[in-house]
Amino acid sequence: MQAIMAIPVLALAATTAFAQAPDANQARDMAATCANCHGTNGVSRGGTDSLAGRSKDDTASKMRAFKAGTRPGTVMPQLAKGFTDAQIDAMAGWFASQPAK
Amino acid sequence: MTMQRREFLQAAAAAAGLGVLAGCATTAGGARGKVVVVGGGYGGATAAKYLRMWSGGSVEVTLIEPRESFVSCPMSNLVIGGSKTIADVTTPYDALASRWGVNLVRDTATGVDVDRRVVTTAGGRSFSYDRLVLSPGIEFMFGTIPSYRADAARAVEIAPHAWQAGPQTVLLRRQLEAMPDGGVYALSIPLAPYRCPPGPYERACQVAWYFKRQKPRSKVLILDANADVTSKKGLFTKAWNEEYKGIVEYRPNHALADVDLATRTLKFEFGDDVRANVINVVPPQRAGAIARTAGVVTANDRWCEVDFLTFESIRGKGVHVLGDSTQSASGMPKSGHMANNHAKVAAAAILNALAGKPANPAPVLTNNCYSFITDKEVVHVVSVHQYDAAKKSILPVPGSGGLSPAMSELEGRFAFAWAQNIWADALM
């Protein structure tokens, strides 16, 4: 059942995110879902990695490895599977542009 | 520099649109206007901060909240278990004003004129708005319990709910401390939906953790109106059968019919009465009172339906509703983390609307929920929710999300990191 469901919903997520007129702040808005653990704008208060100012390749490759199951973790392997590769790139790019503080 | 002087300078910087807001001014996008936020919980506090941060200070934000400080429901079960104090889960609201320039109004919103766009307060003040954010959390349906109808305020002093963190949390802890070893703690759970699905089961674990160390002959009795454990079932059941074997007993299908407050006896629609030393009754819940006043309670006379692109009420034009008060989408829990994520979608949509732009067509939400089994060992459930344009809903992404394989101290450390980061994300 899950395998059957996965194709249309993921396809839909991809089309709604990128085929429609893009919102200028879409990457910022998606990245804001990481703030709960990684701090506002990716500046962690401790206990988790800060994402602000990290290279886009570093963050995106880690997220892809979590998604592929090749990088171990607790919540991240499960969360990474909820994002398309294009969304991962957009969020990683946005964090790279943030001041590390 | 003295504290007063530093705070004064921070306030002056915020008022002048300098300081932390200056770096974000490029994202303002032309939004101008006034937003009133009612309720300073996970949803409302986050909305107030993000509206200021993302507008670069160009949008005026007033937060109406009667309490002096934010007291977190997540982590408050540790106060009931005794491994943390209420101070550990309390954060002042000050930084929202001094750092972000939010106009903090310590008052209770009592009226909303949706047509004139004005909010009035118990203190007799009125605030006009371009957009209103209601994040009032829950109120209890005390009328469903016959013995509560005459005097609910007295009833909850005898049988605390402790389902809004603060004095009730401390009261329940005191009752447990006063209970003799060999006593019984009984927890009544309402039918879903209620605030924080795994919360009651985590609470049972925390009370059992306390009993196991301090009062080992005592019992935890869970009386659940639901037909089964509603969240993290395998993980909680394992804890009750192993870590807390002989202490915790779980009884499903125990819908509360009434409470005999004089004898601390719980009465059920089906099943035997339960008399206990400490009775923790979590009553059924609905959207906070101001939602009803504003006319935005649209589902089952309990919850507020919203457009998930903006969190604007399906009925109240210009009124956005966040958090536990909303009619949840499929697979979306009533949680603090979710309310914080609702707030960001709403803040982005409000700023777009105030700038004459459409909302982001593809909002994304996450939920990260940690439950403490012991004082240090934790289990999680997480999910990612993406907008489905055909269903006009935000739905879990199939194949993503999931549970812990087992409790661990590593996840305990991440749970404390989550708390520090989300409190700062909402309030600092």
Scanning the range A:81-91 residue by residue, the ones that are more than 22 Å from B:Ala343 (Cα to Cα) and either polar (S, T, N, Q) or assigned to a helix (DSSP H, G or I) (or both) total 4
B:Thr120 vs (1) in contact (Cβ under 8 Å) with a residue 40 or more places away in the chain; (2) of a type outside the set (Lys, Arg); (3) out of contact with any Leu (no Cβ under 9 Å at 6 or more places or on another chain): all pass except (1)
Is the range B:311-332 home to any residue that is over 24 Å from B:Ala122 (Cβ atoms), buried (at least 23 other Cβ atoms within 10 Å of the Cβ), within 14 Å of another protein chain (Cβ to nearest Cβ) and at pLDDT 95 or above?
yes
Note on A:Gly93: of the conditions (1) over 20 Å from B:Val382 (Cα atoms); (2) within 11 Å of another protein chain (Cβ to nearest Cβ), unmet is (2)
For the range B:373-428, give me each residue that is more than 7 Å from every other protein chain (Cβ to nearest Cβ), of a type in the set (Lys, Arg) and out of contact with any helix residue (DSSP H, G or I) (no Cβ under 8 Å at 6 or more places or on another chain).
B:Lys391, B:Lys392
I'd like the residue in the range A:43-71 that is away from chain B (no Cβ under 11 Å) and in a loop (DSSP other than H, G, I, E, B) and, out of all such residues, is surrounded by the fewest Cβ atoms within 10 Å (Cβ to Cβ).
A:Thr70
Residues B:Arg116, B:Arg131: which one is of a type in the set (Lys, Arg) and either closer than 30 Å to B:Glu202 by Cβ or crowded, with 18+ Cβ neighbours inside 10 Å (or both)?
B:Arg131
Being touching a residue at least 40 places away in the same chain (Cβ under 8 Å) and small (Gly, Ala, Ser) is the filter here; which residues of the range A:49-91 pass it?
A:Ser50, A:Ala52, A:Gly53, A:Ser55, A:Ala86, A:Ala90
Hits in the range B:100-142 (condition: of a type in the set (Phe, Trp, Tyr) and more than 18 Å from B:Glu312 (Cα to Cα))
B:Trp100, B:Phe127, B:Phe140, B:Phe142
If a residue must be small (Gly, Ala, Ser) and farther than 28 Å from B:His342 by Cα, how many such residues does the range B:110-152 contain?
6
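Residues are listed down the side, and each one gets a yes or a no for (1) over 30 Å from B:Leu365 (Cα atoms); (2) β-branched (Val, Ile, Thr); (3) assigned to a strand (DSSP E or B); (4) without any contact (Cβ under 8 Å) to a residue 12 or more places away in the chain:
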site	(1), (2), (3), (4)
B:Phe270	yes, no, no, no
B:Arg286	no, no, yes, no
B:Arg292	no, no, no, yes
B:Asp301	no, no, no, no
Taking the condition closer than 29 Å to B:Leu266 by Cβ and either under 22 Å from the mean Cα position of the chain (by Cα) or surrounded by 18 or more Cβ atoms within 10 Å (Cβ to Cβ) (or both), does B:Tyr148 pass?
yes
Counting only strands (runs of 3 or more DSSP E) entirely within the range B:361-428, those with at least 2 residues that are among the β-branched types (Val, Ile, Thr), touching a Phe, Trp or Tyr at 6+ places or on another chain (Cβ under 7 Å) and not assigned by TED's automatic domain parsing to the domain that holds B:His337 are B:378-388
Which one of these does B:Ile279 not meet: (1) in the same structural domain as B:Leu187 (by TED's automatic domain parsing); (2) part of a loop (DSSP other than H, G, I, E, B); (3) in contact with a helix residue (DSSP H, G or I) (Cβ under 8 Å, 6 or more places away or on another chain); (4) not hydroxyl-bearing (Ser, Thr, Tyr)?
(2)
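Results for (1) within 24 Å of B:Thr326 (Cα to Cα); (2) assigned to a helix (DSSP H, G or I), shown as yes or no for each residue.
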{"site": "B:Gln175", "(1), (2)": "no, yes"}
{"site": "B:Leu187", "(1), (2)": "no, no"}
{"site": "B:Cys196", "(1), (2)": "yes, no"}
{"site": "B:Cys205", "(1), (2)": "no, yes"}
{"site": "B:Arg213", "(1), (2)": "no, yes"}
{"site": "B:Asn226", "(1), (2)": "yes, no"}
{"site": "B:Ser231", "(1), (2)": "yes, no"}
Filter the range A:1-42 for residues that are more than 7 Å from chain B (Cβ to nearest Cβ) and farther than 29 Å from B:Pro358 by Cα; the one that is modelled with the lowest pLDDT is A:Met1
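The values are calculated or read from the model by the stated rules, or taken from the named source; none is laboratory data. Note that this is a predicted model, so its numbers are computed, not measured. Cβ: placed from backbone, ideal geometry, glycine included. Neighbour counts: every protein chain shown.
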